[in-house]
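See structure below.
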Amino acid sequence: MIETLAGPGTEVDDDLTASGLLALARDRKAAEDRAAADLLDLAARWADLHPPESIHHAATFTSGRGMGLEVEEPIAGEGCPTVAEFCVAELGTVLGISIVSAKRLIGHALELRHRLPRLWTQVQSGGVAPWRARMVAEATIHATPSLTPEAAGWVDAQVAAVAGRVGPAQLDRLVAETIKRFELAAADPAADPEDGHLSVDPRHATLHDQDVHYAGTMHLEADLDIADALDVDRVLTHGAELRKALGSTESLDARRAAALGDLARTQTALDLHRQGGAGPRDGDDLPPAREVVLHAHFDASLDGLSTVFGPTGRLEEGQRLLLLEQVRAWCGESRTKVTVKPVIDLNAHLEAPGYEIPDRIREQVLLRDRTCVFPWCSRPSRRCDADHVIEYDHDAEAEGRPQPGPTVTPNLAALCRFHHRLKTHTAWHYDVIGPGEFEWTSPHGHRCRRDPSGTTALDPPGIPRPRRP
């Protein structure tokens with residue numbers, strides 16, 4: 001039988017043999033890599049078209065590192081051209097990715113083209129998979145301390161020599177060797193008594209609070225001093241054994257995880273002793289031991305004089321499904337403070353005189369929108385501004401004109417600070433088309449609809465519609 005491999009976008013022949021399917025899979029992967037390489041090239045070209053007006057308008061990443069203060073980090077390393085911050089949004093919108101992902105794409109493209117040219121050439125010729133090259137670019141962009149162009153070039157030569165075939169662990173060692181070879185760290189004999197150069201401090205404790213598991217858990221990772229790590233391990237082992245002695249039937253891993261929570265709530269551990277018969281429970285006058293704030297939303301109905309909650313709800317933190325049983329378990333923990341707020345009708349038309357937005361209207365808007373309403377943005381609404389979709393005119397009342405942008409629910413939307421600035425200072429524009437539904441138009445005429453279910457591109461590829469006057 002003669003086998004014909006389908007081209008991109010065509011149906012696959014159901015009669016293909018195993019060898020035919022493998023050949024088609026190989027071709028599809030090659031096409032995917034070619035498209036990814038082309039996308040890197042296009043991202044770099046897009047950056048070339050949009051240099052910033054000044055260094056203060058260059059695109060950066062914002063992180064919380066630095067003694068609790070937000071710090072800005074460049075999207076590509078020293079020697080790469082800077083990029084106008086607002087141009088990133090339109091590229092991300094067309095690609096259907098977030099602003100952070102778009103910055104990362106452009107940053108990787110510039111890093112590869114300007115600081116890792118050997119790897120860039122291999123990617124564009126098909127010798128190295130783009131995802132491998134981007135992994136290297138990510139490491140050289142965010143190395144601590146920062147890599148000079150010469151140091152990045154040395155990494156480029158080492159990686160290109162093996163056609164990009166390095167794993168994360170090898171890459172970490174290579175970057176560390178580069179820092180040492182080029183003496184990039186400040187000389188501090190106490191940090192490294194052998195040579196006084198390499199002083200990278202890997203310690204950290206990071207909670208990935210944007211990745212909430214459906215089971216109601218978050219991922220915590222940390223690198224500690226050896227002594228601290230051993231102390232923590234002993235405490236968790238002891239806490240797990242204590243919970244088992246008190247009757248817990250959970251797995252060892254679950255008991256160790258719970259013991260880690262007890263470290264943050266030392267009084268809760270004391271209550272466990274009392275529940276096990278070690279003493280009277282006379283601590284009801286003590287303050288709540290748990291201070292974590294979670295916002296859970298459940299549908300409720302009245303059954304006579306009782307309120308009946310639905311079995312599933314939504315947790316604002318992480319936008320995840322939540323089970324009522326999970327909430328009951330959390331509330332059953334020692335001295336957990338629970339606050340039940342009145343129901344807010346999301347369909348009610350609330351309004352206020354003047355420009356300032358009262359708390360009751362702001363809360364309604366944040367609950368309705370859930371996240372920033374810019375296309376593809378997922379920043380939680382509680383970390384957003386409440387924006388007047390139609391700008392509030394502060395001179396309208398004094399000049400006897402009707403207010404074009406009143407402070408009413410339909411004219412308000414949740415926008416993160418970046419997209420709020422984008423809407424204020426660029427040609428981006430959006431309109432309200434329904435409760436919690438918005439239509440955005442980019443400077444080049446691409447349109448998207450954003451509603452509680454997500455983002456939908458409205459224009460066929462390559463056929464943008466002009467912005468409405």
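Throughout, read-outs are computed from the coordinates displayed, never taken from laboratory work. Bear in mind that the values here come from a model prediction, so they are computed numbers and not experimental data. Positions of Cβ are backbone-derived with ideal geometry, glycine not excepted, and every protein chain shown enters the neighbour counts.
So here's what we get for this one:
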| item | result |
| --- | --- |
| Local net charge near Glu250, Cβ-Cβ under 9 Å (Lys/Arg +1, Asp/Glu -1) | +2 |
| Fewest-first sequence of Arg234, Arg421 by Cβ atoms within 10 Å of each Cβ | Arg234, Arg421 |
| Residue order, fewest to most beta carbons within 10 Å, for Lys244, Lys180 | Lys244, Lys180 |
| Neighbour-count ranking [beta-carbon atoms within 10 angstrom, fewest first] of Thr237, Thr455 | Thr237, Thr455 |
| Relative pair counts by distance (%), Cα atoms of region 18-181, 10 Å bins | 11, 36, 34, 15, 3, 1 |
| For Ala152, net neighbour charge (Lys/Arg +1, Asp/Glu -1) across residues whose Cβ lies under 9 Å away | -3 |
